[in-house]
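Here's the structure we're looking at; comments come further down.
The numbers here are math on the coordinates, done by the rules we state, and not lab data. Fair warning: this is a prediction, and the values are worked out from it, not measured in the lab. Note that each Cβ is placed from the backbone with ideal geometry, even for glycine, and that neighbours are counted across all protein chains shown.
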Amino acid sequence: AAGLGQVEELAAVARQAGLDVKVEVASPQAELPSAVEQAAYRILQESITNAIRHAGPARLTVSLTAARGQLELLVTDDGRGPREADGAGGVGRGIAGMRERAALLGGELTAGPGPDGGFQVRARLPLHPEGAMRQ
């Protein structure tokens, strides 16, 4: 099953596409509920795919932090940003899908221009969401 143990594999895909990728993992959580693990992986996968498609030559930082009962996933790039990357400046189905994944677990996801340009995706997922089955 897809999970956060494959973060480096996703980073390698981005590197092969020409992005300079840095992965930061703080407070690693040994055993996450499978629903959280899979949602985080899919959000990361979509974020990296979007960066490959829209950021242009860019630096990409992936940060994972498990603390205070939640997993925070932050993906930032210093690329072209949403206006140039998406002519309409709109939100595509990929971001809507990421928001749905987070919401299903009782979490939240924001996506938009980064504070210093580029683009940023931040997901906060509860480590023990109600209804999530542990395996």
Legend entry - Sum of side-chain charges, Ala2 neighbourhood, beta-carbon under 15 Å (Lys, Arg +1; Asp, Glu -1): -2
Legend entry - Computed E for Ala96/Glu31 - FRET, C-beta separation, R0 35 angstrom, nearest 0.05: 0.75
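Gain in length, Arg59 to Val13, computed as 0.36 nm per residue apart minus the alpha-carbon separation, to one decimal in nm?
Length gained, Arg59 through Val13: 15.2 nm.
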Legend entry - Inter-probe distance in nm under a simple model that places probes 7 Å from Cα toward Cβ, at Glu24 and Thr49: 2.7
Legend entry - Cβ-based net charge around Arg59, under 15 Å, with every Lys or Arg adding one and every Asp or Glu removing one: -2
